[in-house]
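Input: a single structure, listed below in structure tokens.
The values are calculated or read from the model by the stated rules, or taken from the named source; none is laboratory data. The structure displayed is predicted, hence computed values, not measured ones. Cβ coordinates were reconstructed from backbone atoms using ideal geometry, including for glycine residues, and neighbour counts include every protein chain displayed.
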Amino acid sequence: MLFPQQELIKSIIMDKKINRRDFLKLAGVTAAGVMLPGCADELLSGSAQSTGGPANKPNFIIIFCDDLGYGDLGCFGSKKHRTPNIDRMAAEGMRFTSFYVTSGVCTPSRSSLMTGCYPRRVNMHQSGRNEWVLFPVAQKGLNPNEITIAEVLKTRGYATACVGKWHLGDQPEFLPTRQGFDYYYGIPYSNDMGSRQRKQNPPLPLLRNEKVIEAPADQNTLTKRYTEEVLKFITSNKDKPFFVYLPHTMPHNPVHSSEKFRGKSANDGYGDCVEEIDWSTGRILETLKKLGIDDRTLIVFTSDNGAAKRWGGSNLPLSGFKGSTMEGGMREPAVCRWPGKIPAGKTCDELASTLDLLPTLAQLAGTEPPTDRIIDGKDIWPLMTGKRGAKSPHEAFYYYFRDQLQAVRSGKWKLHLPFRIKRREQERAAPNAPLKLYDLEADIAETNNLADQHPDVVKRLLALAEKARDDLGDVNRKGKNQRPAGWVVTPKPLLFSSKPQDSY
Ligand SMILES: [Ca+2]
């Protein structure tokens, strides 16, 4: 139990502007006579109720695919892709079958994973030019004042690495190295945003920390190189608690894989990518075992949004694709594994989300999510451990596309809101989209509209939607509790250069 003053200091330290030295200074001045000796260190290293000393802090690995569909893994029903490593991970852990991202596209979805907040909360629901994601040389980025999972874990002494596609801002002030990651290796935005696809863009940059080390990035070897980077980081940090965030560039179009996998799957280049990601996951699992840290490492495997319409992925048995608020756009295959803690071979169908990873990991690391701001995610550890009778902590889940609230789920019910014009990206805007109510337990593919039979449910879900509009906003209506994104006035391209990184 912390005193109010201690709570205050604890929330201050969550602000990245305060480093340890500053904090100790602040703690000494502000809390003189309030804190007991040693309290400052206790606050830095976690509360007395935490799971123990540094040796007991678990490691965390989040593997986050790009555009991998609900039906693309063997353990989620794929007959086309061979994914024995991820399937084994599921057999040794838990599958989540109602696991959501907060957007059908990259940038907003990633902002939620990093902050535990809906995209509109942190103003990352669309680009500064109202596009569905950020494009190169963007003025906008995730606000450096937001507190990421990496920053929460840094307060508990974690070594942190981001290896892969970031997509939360390509200006130096928005890169992973400024958002709590000790190390970054990867591409700053999507692999179809280089000069090969769009002439006005810089060649697709590959970064180490804040420096472009290759452009255009050789995409064939990206998955392999990401894997090597992760294995190196895990091995050199095996004695510390670590957090690895591995947002793969694949199987986002254009699909690439290394020679060993190219042309080997039954589903063209897309399948090759998925099978290489499976290999990568297997290498990580094998390394954890070899290092003897398998039983103190939580791994979460999921995707940033559903498979796109024409690129070879599958969202079956769900309807809809990437960029939509149908289940296929936002419900993801998810597997969690931690031997000895998460029961083997179980499935959880309770509603959970990438929003929940920040609070869950914070709690497991012996701390808590930021208390000075609204965080939408909840601790889902009771679901992960299969606690008897554990229920989703969410009364409602909101499906936004860009700035528009399009659907709400509560329990088994999902309501698609009515629209005069419904925003859609991959297809033309839908005129006169009617209100529809689906029972997702009986009708996972959203085919049987039950709105007329359940007016009471419709009324309850409409009221929940109104709550979200008030809180987070909807189209041009501002929400009461939105926070600003980061912004730079004159963004510059990330270019390959032999000059030191501060030269641009
Ligand atoms: Ca994506």
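Assorted remarks:
- Conditions (1) closer than 28 Å to V458 by Cβ; (2) surrounded by fewer than 20 Cβ atoms within 10 Å (Cβ to Cβ); number of the one not met by T385: (1)
- Flag if K10 is assigned to a loop (DSSP other than H, G, I, E, B) and at pLDDT below 50: no
- The set of residues in the range 183-238 that are outside any loop (DSSP other than H, G, I, E, B), over 19 Å from A150 (Cβ atoms) and within 16 Å of the ligand (Cβ to nearest atom) comprises Q219, L222, T223.
- In the range 239-254, the qualifying residues are those that are assigned to a loop (DSSP other than H, G, I, E, B) and within 16 Å of the ligand (Cβ to nearest atom), and the one that is farthest from D67 (Cα to Cα) is P254.
- Some residue of the range 331-350 being of a type in the set (D, E, K, R), buried (at least 18 other Cβ atoms within 10 Å of the Cβ), more than 29 Å from N237 (Cα to Cα) and at pLDDT 95 or above: yes
- Selection within the range 63-84 - surrounded by 21 or more Cβ atoms within 10 Å (Cβ to Cβ) and not charged (D, E, K, R): I63, F64, C65, L68, G69, Y70, G71, L73, F76, S78, H81, T83
- Selection count, the range 412-471, where residues are among the basic types (K, R) and on the phi > 0 side of the Ramachandran plot: 0
- Filter result (within 16 Å of the ligand (Cβ to nearest atom), buried (at least 24 other Cβ atoms within 10 Å of the Cβ) and outside any loop (DSSP other than H, G, I, E, B)) within the range 280-326: F301, S303
Residues are listed down the side, and each one gets a yes or a no for (1) surrounded by fewer than 16 Cβ atoms within 10 Å (Cβ to Cβ); (2) in contact (Cβ under 8 Å) with a residue 24 or more places away in the chain:
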| residue | (1), (2) |
| --- | --- |
| L361 | no, yes |
| T371 | yes, yes |
| W381 | no, no |
| R423 | no, no |
| A429 | yes, no |
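- Positions within the range 122-149 being within 21 Å of A352 (Cβ to Cβ) and either more than 15 Å from the chain's Cα centre (by Cα) or outside any loop (DSSP other than H, G, I, E, B) (or both), in sequence order: I149
- Looking across the range 255-276, the residues that are part of a helix (DSSP H, G or I) and surrounded by 15 or more Cβ atoms within 10 Å (Cβ to Cβ) come down to G269, Y270, G271, D272, C273, V274, E275, E276.
- Any hit, the range 201-211, residues being among the polar types (S, T, N, Q) and buried (at least 24 other Cβ atoms within 10 Å of the Cβ): no
- Pairs with Cβ under 8 Å, 6+ apart, first in the range 90-108 and over 30 Å from R296 (Cα atoms), second of a type in the set (V, I, T) and more than 10 Å from the ligand (Cβ to nearest atom): G104/T325; P108/T102
- If the condition is being over 21 Å from the mean Cα position of the chain (by Cα) and either within 16 Å of the ligand (Cβ to nearest atom) or assigned to a loop (DSSP other than H, G, I, E, B) (or both), then the range 327-346 contributes P339, G340, K341, P343, A344, G345.
- Residue count for the range 62-84 under the criterion of being in a strand (DSSP E or B) and out of contact with any strand residue (DSSP E or B) (no Cβ under 9 Å at 6 or more places or on another chain): the result is 0.
- Cβ-Cβ under 6 Å pairs, at least 6 apart or on other chains, the range 469-496 side farther than 20 Å from K422 by Cβ, far side hydroxyl-bearing (S, T, Y): K492/Y504
- Close pairs (9 angstrom Cβ cut-off, 6 or more residues apart or separate chains): free of Cβ contacts under 8 Å to residues at least 24 places away in the same chain in the range 301-317, within 13 Å of the ligand (Cβ to nearest atom) and of a type outside the set (S, T, Y) anywhere: R310/N253; R310/F321; R310/Q426
- Tally of residues being closer than 11 Å to T354 by Cα and either more than 9 Å from the ligand (Cβ to nearest atom) or not in a helix (DSSP H, G or I) (or both) across the range 100-116: 10
- Among residues of the range 66-84, those that are at positive phi and within 14 Å of the ligand (Cβ to nearest atom), counted: 1
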